[in-house]
Amino acid sequence: MEEKNGGLFARLSPRRRADKKKRKEVEAYVGAQVALAREVDLSYGKIPQEKVPDMVMAGDMEKIRITMEHLDPDVFSQAVDTLLSAGVVYIAGIRSCAPLASFLAFYLRQILPDVRLISTNSANEIFEQLIRINSRDVLIGISFPRYSMRVLKAMEFANSRNARTISITDSENSPMNLYSSCNLLARSDMVSIVDSLVAPMSIINALIVSLCINRQKEVAAYLHEIETYSDAFGPYQGDEIDAVREEPVTELKDPDSQSRRNYKE
(Lines give C-alpha, C1' and ligand atoms only; values in the text may rest on other atoms or scores of the structure.)
Protein backbone atom coordinates (compact mmCIF):
# COMPACT_ATOMS: atom_id res chain seq x y z
CA MET A 1 0.00 0.00 0.00
CA GLU A 2 2.73 2.44 0.98
CA GLU A 3 4.78 1.48 -2.04
CA LYS A 4 1.92 2.27 -4.40
CA ASN A 5 1.34 5.62 -2.74
CA GLY A 6 5.00 6.57 -3.16
CA GLY A 7 5.71 6.73 0.59
CA LEU A 8 8.96 6.30 2.48
CA PHE A 9 8.89 2.53 2.01
CA ALA A 10 8.76 2.99 -1.76
CA ARG A 11 11.88 5.18 -1.72
CA LEU A 12 13.85 2.75 0.42
CA SER A 13 12.63 -0.42 -1.23
CA PRO A 14 15.07 -0.46 -4.21
CA ARG A 15 18.03 0.04 -1.90
CA ARG A 16 16.84 -2.69 0.43
CA ARG A 17 16.35 -5.04 -2.47
CA ALA A 18 19.88 -4.29 -3.73
CA ASP A 19 21.36 -4.91 -0.27
CA LYS A 20 19.44 -8.16 0.02
CA LYS A 21 20.69 -9.30 -3.37
CA LYS A 22 24.28 -8.41 -2.45
CA ARG A 23 24.03 -10.34 0.82
CA LYS A 24 22.70 -13.41 -1.01
CA GLU A 25 25.64 -13.25 -3.42
CA VAL A 26 28.08 -13.04 -0.52
CA GLU A 27 26.41 -15.97 1.28
CA ALA A 28 26.58 -18.06 -1.89
CA TYR A 29 30.26 -17.20 -2.37
CA VAL A 30 31.17 -18.08 1.22
CA GLY A 31 29.24 -21.35 0.95
CA ALA A 32 31.14 -22.25 -2.22
CA GLN A 33 34.47 -21.52 -0.50
CA VAL A 34 33.61 -23.77 2.44
CA ALA A 35 32.54 -26.57 0.08
CA LEU A 36 35.79 -26.20 -1.86
CA ALA A 37 37.81 -26.41 1.36
CA ARG A 38 36.11 -29.68 2.25
CA GLU A 39 36.95 -31.14 -1.14
CA VAL A 40 40.57 -30.04 -0.83
CA ASP A 41 40.80 -31.60 2.64
CA LEU A 42 39.87 -34.96 1.13
CA SER A 43 42.18 -34.75 -1.87
CA TYR A 44 45.27 -33.54 0.01
CA GLY A 45 45.43 -36.71 2.06
CA LYS A 46 46.44 -38.65 -1.07
CA ILE A 47 49.52 -36.54 -1.93
CA PRO A 48 52.96 -38.04 -1.09
CA GLN A 49 54.77 -36.09 1.63
CA GLU A 50 57.85 -35.40 -0.51
CA LYS A 51 55.66 -33.65 -3.10
CA VAL A 52 54.02 -31.27 -0.61
CA PRO A 53 56.71 -28.49 -0.59
CA ASP A 54 56.80 -28.23 -4.39
CA MET A 55 53.02 -28.29 -4.64
CA VAL A 56 52.45 -25.68 -1.92
CA MET A 57 55.15 -23.30 -3.17
CA ALA A 58 53.94 -23.59 -6.76
CA GLY A 59 50.43 -22.81 -5.54
CA ASP A 60 51.70 -19.75 -3.65
CA MET A 61 53.52 -18.49 -6.76
CA GLU A 62 50.33 -18.90 -8.76
CA LYS A 63 48.33 -16.90 -6.20
CA ILE A 64 50.81 -14.02 -6.39
CA ARG A 65 50.70 -14.13 -10.20
CA ILE A 66 46.90 -13.97 -10.24
CA THR A 67 46.94 -11.15 -7.67
CA MET A 68 49.37 -9.15 -9.82
CA GLU A 69 47.23 -9.61 -12.92
CA HIS A 70 44.03 -8.46 -11.22
CA LEU A 71 45.41 -5.67 -9.03
CA ASP A 72 43.88 -2.33 -10.04
CA PRO A 73 46.65 0.34 -10.00
CA ASP A 74 44.08 3.10 -9.46
CA VAL A 75 42.64 1.37 -6.40
CA PHE A 76 46.14 0.78 -5.02
CA SER A 77 47.03 4.46 -5.52
CA GLN A 78 43.78 5.43 -3.83
CA ALA A 79 44.71 3.32 -0.80
CA VAL A 80 48.14 4.97 -0.58
CA ASP A 81 46.70 8.49 -0.87
CA THR A 82 44.03 7.68 1.71
CA LEU A 83 46.63 6.55 4.24
CA LEU A 84 48.92 9.52 3.57
CA SER A 85 46.07 11.95 4.37
CA ALA A 86 44.75 10.04 7.41
CA GLY A 87 44.58 11.46 10.90
CA VAL A 88 44.60 8.10 12.71
CA VAL A 89 45.03 4.73 11.00
CA TYR A 90 43.28 1.79 12.68
CA ILE A 91 44.07 -1.80 11.66
CA ALA A 92 41.86 -4.81 12.39
CA GLY A 93 42.59 -8.46 11.65
CA ILE A 94 41.99 -11.60 13.72
CA ARG A 95 42.78 -15.31 13.74
CA SER A 96 45.07 -16.16 10.80
CA CYS A 97 44.97 -12.50 9.69
CA ALA A 98 46.26 -11.22 13.05
CA PRO A 99 49.93 -11.61 12.01
CA LEU A 100 49.21 -9.62 8.83
CA ALA A 101 47.60 -6.83 10.86
CA SER A 102 50.48 -6.81 13.35
CA PHE A 103 53.11 -6.75 10.58
CA LEU A 104 51.35 -3.87 8.81
CA ALA A 105 50.95 -1.89 12.04
CA PHE A 106 54.63 -2.37 12.95
CA TYR A 107 55.86 -0.77 9.72
CA LEU A 108 53.15 1.87 9.37
CA ARG A 109 54.19 3.24 12.79
CA GLN A 110 57.57 4.04 11.23
CA ILE A 111 55.90 5.98 8.42
CA LEU A 112 52.68 7.56 9.72
CA PRO A 113 52.17 9.61 12.89
CA ASP A 114 49.32 7.72 14.55
CA VAL A 115 48.72 4.00 13.88
CA ARG A 116 46.65 1.79 16.19
CA LEU A 117 46.34 -1.98 16.06
CA ILE A 118 42.85 -2.98 17.19
CA SER A 119 42.68 -5.65 19.87
CA THR A 120 39.94 -8.04 18.79
CA ASN A 121 39.43 -10.25 21.85
CA SER A 122 35.76 -9.28 21.98
CA ALA A 123 33.28 -7.21 19.99
CA ASN A 124 32.85 -4.73 22.86
CA GLU A 125 36.59 -4.05 23.00
CA ILE A 126 36.61 -3.30 19.27
CA PHE A 127 33.96 -0.60 19.60
CA GLU A 128 35.68 0.87 22.67
CA GLN A 129 38.87 1.31 20.65
CA LEU A 130 37.02 2.74 17.65
CA ILE A 131 34.69 5.05 19.56
CA ARG A 132 36.66 8.19 18.60
CA ILE A 133 37.07 7.34 14.92
CA ASN A 134 35.90 10.13 12.61
CA SER A 135 35.88 11.30 9.01
CA ARG A 136 39.60 12.18 9.08
CA ASP A 137 40.58 8.62 10.07
CA VAL A 138 41.02 5.34 8.22
CA LEU A 139 40.25 1.76 9.20
CA ILE A 140 42.04 -1.09 7.40
CA GLY A 141 40.10 -4.34 7.72
CA ILE A 142 41.96 -7.55 6.88
CA SER A 143 39.88 -10.70 6.49
CA PHE A 144 39.96 -13.81 4.34
CA PRO A 145 37.85 -16.97 4.34
CA ARG A 146 36.54 -17.88 6.71
CA TYR A 147 35.58 -14.25 7.18
CA SER A 148 35.49 -12.55 10.56
CA MET A 149 32.19 -11.10 11.75
CA ARG A 150 34.06 -8.93 14.28
CA VAL A 151 36.16 -7.28 11.58
CA LEU A 152 33.04 -6.80 9.46
CA LYS A 153 31.24 -5.12 12.38
CA ALA A 154 34.26 -2.88 12.97
CA MET A 155 34.16 -1.75 9.35
CA GLU A 156 30.41 -1.19 9.55
CA PHE A 157 30.90 0.96 12.65
CA ALA A 158 33.70 2.98 11.03
CA ASN A 159 31.54 3.47 7.96
CA SER A 160 28.69 4.76 10.13
CA ARG A 161 31.09 7.37 11.58
CA ASN A 162 32.02 8.53 8.05
CA ALA A 163 35.57 7.22 8.41
CA ARG A 164 37.32 5.99 5.30
CA THR A 165 37.73 2.24 5.08
CA ILE A 166 40.17 0.00 3.22
CA SER A 167 39.66 -3.73 2.93
CA ILE A 168 42.39 -6.28 2.26
CA THR A 169 40.49 -9.38 1.25
CA ASP A 170 40.24 -12.05 -1.44
CA SER A 171 37.34 -11.21 -3.73
CA GLU A 172 34.86 -8.62 -4.90
CA ASN A 173 32.20 -10.82 -3.28
CA SER A 174 33.89 -10.65 0.12
CA PRO A 175 31.57 -9.31 2.83
CA MET A 176 34.35 -6.88 3.84
CA ASN A 177 33.58 -4.90 0.69
CA LEU A 178 30.07 -4.07 1.91
CA TYR A 179 31.50 -1.24 4.02
CA SER A 180 34.77 -0.52 2.21
CA SER A 181 35.45 2.34 -0.18
CA CYS A 182 38.78 0.90 -1.33
CA ASN A 183 39.22 -2.84 -1.89
CA LEU A 184 42.68 -4.39 -2.22
CA LEU A 185 42.15 -7.93 -3.48
CA ALA A 186 44.70 -10.70 -2.99
CA ARG A 187 44.18 -14.33 -3.95
CA SER A 188 43.94 -16.66 -0.96
CA ASP A 189 42.55 -20.17 -1.36
CA MET A 190 41.74 -22.30 1.65
CA VAL A 191 44.03 -25.33 1.63
CA SER A 192 43.20 -27.90 4.30
CA ILE A 193 43.30 -26.11 7.68
CA VAL A 194 45.96 -23.66 6.48
CA ASP A 195 45.17 -20.45 4.58
CA SER A 196 47.73 -19.28 2.04
CA LEU A 197 48.51 -15.66 2.91
CA VAL A 198 51.56 -15.02 0.72
CA ALA A 199 49.61 -12.88 -1.76
CA PRO A 200 48.04 -10.69 0.98
CA MET A 201 51.49 -10.27 2.54
CA SER A 202 52.86 -9.21 -0.84
CA ILE A 203 50.10 -6.60 -1.18
CA ILE A 204 50.94 -5.30 2.31
CA ASN A 205 54.65 -5.12 1.45
CA ALA A 206 53.84 -3.14 -1.70
CA LEU A 207 51.68 -0.78 0.37
CA ILE A 208 54.48 -0.21 2.89
CA VAL A 209 57.09 0.43 0.18
CA SER A 210 54.82 2.92 -1.62
CA LEU A 211 54.20 4.82 1.61
CA CYS A 212 57.94 4.86 2.36
CA ILE A 213 58.66 6.35 -1.04
CA ASN A 214 56.16 9.14 -0.33
CA ARG A 215 57.50 9.77 3.20
CA GLN A 216 61.25 9.27 2.79
CA LYS A 217 62.29 12.25 4.95
CA GLU A 218 59.87 11.34 7.75
CA VAL A 219 61.01 7.71 7.78
CA ALA A 220 64.70 8.71 7.82
CA ALA A 221 64.06 11.14 10.70
CA TYR A 222 62.15 8.47 12.63
CA LEU A 223 64.90 5.87 12.23
CA HIS A 224 67.56 8.40 13.21
CA GLU A 225 65.62 9.32 16.34
CA ILE A 226 65.13 5.67 17.26
CA GLU A 227 68.85 5.03 16.83
CA THR A 228 69.74 8.09 18.95
CA TYR A 229 67.51 7.11 21.86
CA SER A 230 68.50 3.46 21.54
CA ASP A 231 72.13 4.41 22.11
CA ALA A 232 71.21 6.55 25.12
CA PHE A 233 68.61 4.41 26.85
CA GLY A 234 69.02 0.84 25.71
CA PRO A 235 69.37 -1.99 25.18
CA TYR A 236 69.83 -2.47 28.94
CA GLN A 237 70.08 -5.85 30.61
CA GLY A 238 68.82 -6.40 34.11
CA ASP A 239 65.97 -3.88 34.19
CA GLU A 240 65.66 -3.86 37.98
CA ILE A 241 66.09 -1.24 40.73
CA ASP A 242 68.17 -2.34 43.72
CA ALA A 243 65.67 -2.42 46.61
CA VAL A 244 68.48 -1.97 49.19
CA ARG A 245 69.43 1.46 47.91
CA GLU A 246 67.62 4.52 49.24
CA GLU A 247 67.86 6.26 45.88
CA PRO A 248 67.06 4.56 42.59
CA VAL A 249 69.98 4.07 40.23
CA THR A 250 69.44 6.32 37.22
CA GLU A 251 72.94 6.23 35.73
CA LEU A 252 73.06 4.08 32.63
CA LYS A 253 75.99 1.72 32.35
CA ASP A 254 77.21 -0.56 29.62
CA PRO A 255 76.10 -4.05 30.74
CA ASP A 256 79.04 -5.61 28.90
CA SER A 257 81.75 -3.41 30.49
CA GLN A 258 82.08 -5.55 33.63
CA SER A 259 82.37 -8.74 31.63
CA ARG A 260 85.14 -7.16 29.54
CA ARG A 261 87.03 -6.15 32.71
CA ASN A 262 86.69 -9.65 34.12
CA TYR A 263 88.02 -11.06 30.88
CA LYS A 264 91.12 -8.81 30.99
CA GLU A 265 91.81 -9.74 34.61
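The values are calculated or read from the model by the stated rules, or taken from the named source; none is laboratory data. All values derive from a computational prediction rather than experimental measurement. Positions of Cβ are backbone-derived with ideal geometry, glycine not excepted, and every protein chain shown enters the neighbour counts. Keep in mind that these areas ignore ligands, DNA and RNA; they rest on the heavy atoms of the full protein, side chains included. Shrake-Rupley method; radii C 1.70, N 1.55, O 1.52, S 1.80 Å.
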**Accessible surface, per residue, of the stretch 94-205 when the full set of protein chains is kept, probe 1.4 Å, Å²** = 43
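Could you give the length gained by full extension between Val75 and Ile226, i.e. 0.36 nm per residue of separation minus their alpha carbon distance, to one decimal place?
On the way: separation 151, 0.36 × 151 = 54.36 nm, distance 3.29 nm.
Length difference between fully extended and current span is 51.1 nm.
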**Message:** Within the stretch 81-101, name every residue whose backbone N is under 17 Å away from a label modeled 7 Å from Cα of Asn205 along the Cβ vector.
**Reply:** 99-101
**Cα-centre dipole for the stretch 56-177 with unit charges at Cβ (Lys and Arg positive, Asp and Glu negative), debye to 20** = 440
**Asked** To the nearest Å, what is the center-to-center distance of the stretch 72-106 and the stretch 157-226, using C-alpha atoms only?
**Response** 4
**Request:** Keeping the other protein chains in place, figure out the carbon and sulfur percent of the accessible area of the stretch 130-170, with a 1.4 Å probe.
**Result:** 45
**Message:** Suppose each label sits 7 Å from its Cα in the direction of the beta carbon; what would the Arg146-Glu125 distance come out to in nanometres?
**Reply:** 2.1
